[in-house]
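Written below as structure tokens is the structure these notes are about.
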Amino acid sequence: MAHYKAAHQLWRYLEKSGVLDTLTKVLVILYEEPENPNSALDFLKHCLGAATPENLEIELLHLELAEMEEEYEAIVEENKKLKTKEKVQ
């Protein structure tokens, strides 16, 4: 009887936290796929977002990209100035 109570509590917890709803939606997406994916587990991970990098990592990459774009623009401007200066001389 204790096992039944523990299983019931786990089920209620998963239901309240939205896990069951999310899993149901992902399984429906898998069911509606025209062809079965090579790896159902990888498909589920992808749908649940486990295959993507963490948000912090993404934010750091965006910042690094912005810095590199600024640096690139500065180099392009410097290159234009040097070409103009070279033509004058």
Selection within region 44-89 - under 30 Å from V28 (Cβ atoms), open to solvent by 100 Å² or more (accessible area, probe 1.4 Å) and not in a loop (DSSP other than H, G, I, E, B):
H46, N55
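Can you find, within region 30-43, the residue that is modelled with the lowest pLDDT among those that are in a helix (DSSP H, G or I) and open to solvent by 80 Å² or more (accessible area, probe 1.4 Å)?
Within region 30-43, the subset in a helix (DSSP H, G or I) is 30-32, 40-43.
Adding the requirement that they be open to solvent by 80 Å² or more (accessible area, probe 1.4 Å) leaves 31-32, 41-42.
Details: Y31: 91, E32: 92, L41: 88, D42: 85.
Across region 30-43, the extreme among qualifying residues is D42.
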What number of residues in region 1-29 are open to solvent by 90 Å² or more (accessible area, probe 1.4 Å), hydrophobic (A, V, I, L, M, F, W, C) and modelled with pLDDT under 90?
1
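The values are calculated or read from the model by the stated rules, or taken from the named source; none is laboratory data. Treat the numbers as computed from the prediction; the structure is a model and nothing was measured. Ideal geometry is used to build each Cβ from the backbone, glycine not excepted, and the neighbour counts take in all protein chains shown. Ligands, DNA and RNA are excluded from the accessible area calculation, which covers all protein heavy atoms including side chains. Shrake-Rupley method; radii C 1.70, N 1.55, O 1.52, S 1.80 Å.
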